[in-house]
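Down below is the structure, laid out as structure tokens.
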Amino acid sequence: MHSQPRLLTYRAAAHLLSGEPLKSVQADLDAAMENGHDEQTQVIVLTLRGLIALYQGRIAASRQLLEQSVSSMANGQNIWRTLAMDELALNHLRYGNRRQAENLMIECLAAADRTGNVMNGVLALCRLGELALLECRYEDAEWLYSEALVRSTRDGNRLPIAGIACIGLGRLNLERGELNAAVERLEEGVCRIHRWGDTMAIEGYLQLATAQSLQQKWSEAEAALQRAREISHSFDATTIDDDLVELQQVELWLAHGEDLAANMWLNRQAHAEHLTPE
């Protein structure tokens, strides 16, 4: 492995996507930087470190690393540069820079189309679908997620990455109040995306918990939330997912009329924040 630094970066990416301990990911990236000095290896390391920074909420650091990765390789058809563009678009999307995100997504989609890269094409379409959902452009979102679903289908079989499109369509059904359809799509989404990477399933389980709570299926909603909690706790590259799970728990308590539990949690958070040194 150490004589082939590129393999170290691929293993680091696999560890990151599957929720392996962050120290394993960092060890491979450090070894790759020590043993490989070619441009491709450097770009992959920058991309993965930028993704880790994004997971950890270090927005400025993430953007700097991803922008460096994109600019380091002028060849727009390189799949790692395209992935860096996708993650940079997610950075902008998560923190309100919608037009910058949209421009990057469109460029990323064009690059994926030129190379026939299914993963990056599906990711770009789903990012555009998420933006359309945020802006309440539901017809656009439906077309984008449906196109992502088509692209992630081979010989009548849906690839694991199709789970992201299914989760997106489930979110759309939820926005429209189509609860049964939302649950069906979300359950399919999390089932498929587990075969690609457990960490990607967290969003699906959180949306599923919301849909099932609206159906007043409290035990099913709690089970979905618990599954999200298990995955988030096993993924130590970020604490953001843990916070999202706990916030979803509070919403579920409030929806079920368990105001005491919700207030106790909120009081604990306020107390912890008060004790945290500046």
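No value in this document is a laboratory result; all are computed from the given coordinates. Bear in mind the structure is a predicted one, so any value in this text is a computation, not a measurement. Reconstructed Cβ throughout: ideal geometry from the backbone, glycine too, with neighbour counts over all protein chains shown.
Listed peptides 159-170, 40-51 appear in the order 159-170, 40-51 once ranked by packing, highest mean of other Cβ atoms within 10 Å at the front. Under a 5 Å amide H cut-off, with hydrogens placed 1.01 Å from N, THR153 pairs with LEU159 among residues at least 5 apart or on other chains. Scaled to the globular estimate 2.2 N^0.38 Å, the Cα spread of region 120-278, given as radius of gyration, is 1.12.
The charge dipole of the chain, taken about its Cα centre with unit charges on the Cβ of Lys, Arg, Asp and Glu (plus for the first two, minus for the last two), comes to roughly 620 debye. For region 179-235, the normalised intensity computed at q = 0.27, 0.28 Å⁻¹ comes to -1.05, -1.10 (log10 of I(q)/I(0), Debye sum over alpha carbons, equal scatterers, no solvent). Among 128-134, 261-267, the peptide with the highest mean count of other Cβ atoms within 10 Å heads the list, and the full ranking is 128-134, 261-267. Placing dummy labels 7 Å off each Cα toward the beta-carbon, the span from GLN4 to LEU214 is 4.8 nm.
Expressed as a fraction of 2.2 N^0.38 Å, the value expected for a compact globular protein of N residues, the C-alpha radius of gyration of the chain is 1.04.
Calculated from DSSP H runs of 4 or more alone, at -39500 (n - 2.57) each and per residue, what is the 222 nm mean residue ellipticity of the chain, nearest 500?
Here the helix-only value at 222 nm equals -25500 deg cm²/dmol.
Sorting the segments 107-120, 206-219 by their mean number of nearby beta carbons within 10 angstrom, highest to lowest, gives 206-219, 107-120. Computed from the Cβ-Cβ distance with R0 of 41 Å, the FRET efficiency linking ALA223 to ASP155 stands at 0.75. Volume per residue of the convex hull around the Cα atoms, evaluated for region 1-74, comes out as 75 Å³.
Subtracting the Cα-Cα distance of ASP140 and GLU184 from 0.36 nm times their residue separation leaves 13.7 nm of extension gain.
Using Cα pairs under 8 angstrom and six or more residues apart, how large is the relative contact order of region 1-148, in percent?
The normalised contact order for region 1-148 reaches 14 percent.
So how strong a dipole does region 76-196 carry about its Cα centre when Lys and Arg Cβ are +1 and Asp and Glu Cβ are -1, to the nearest 20 debye?
340
Relative contact order for the chain: 14 percent, from Cα pairs under 8 Å spaced at least 6 residues apart, divided by residue count.
In this simple spin-label model, placing a label point 7 Å from the Cα along the Cα-to-Cβ direction at both ALA61 and HIS194 gives a separation of 3.3 nm.
Percent of alpha carbon pairs in region 57-205 separated by more than 18 Å? Tail of P(r) above 18 Å: 58 percent of Cα pairs. Note on region 145-191: with charges restricted to the Cβ of Lys and Arg (+1) and Asp and Glu (-1), its dipole about the Cα centre is near 140 debye.
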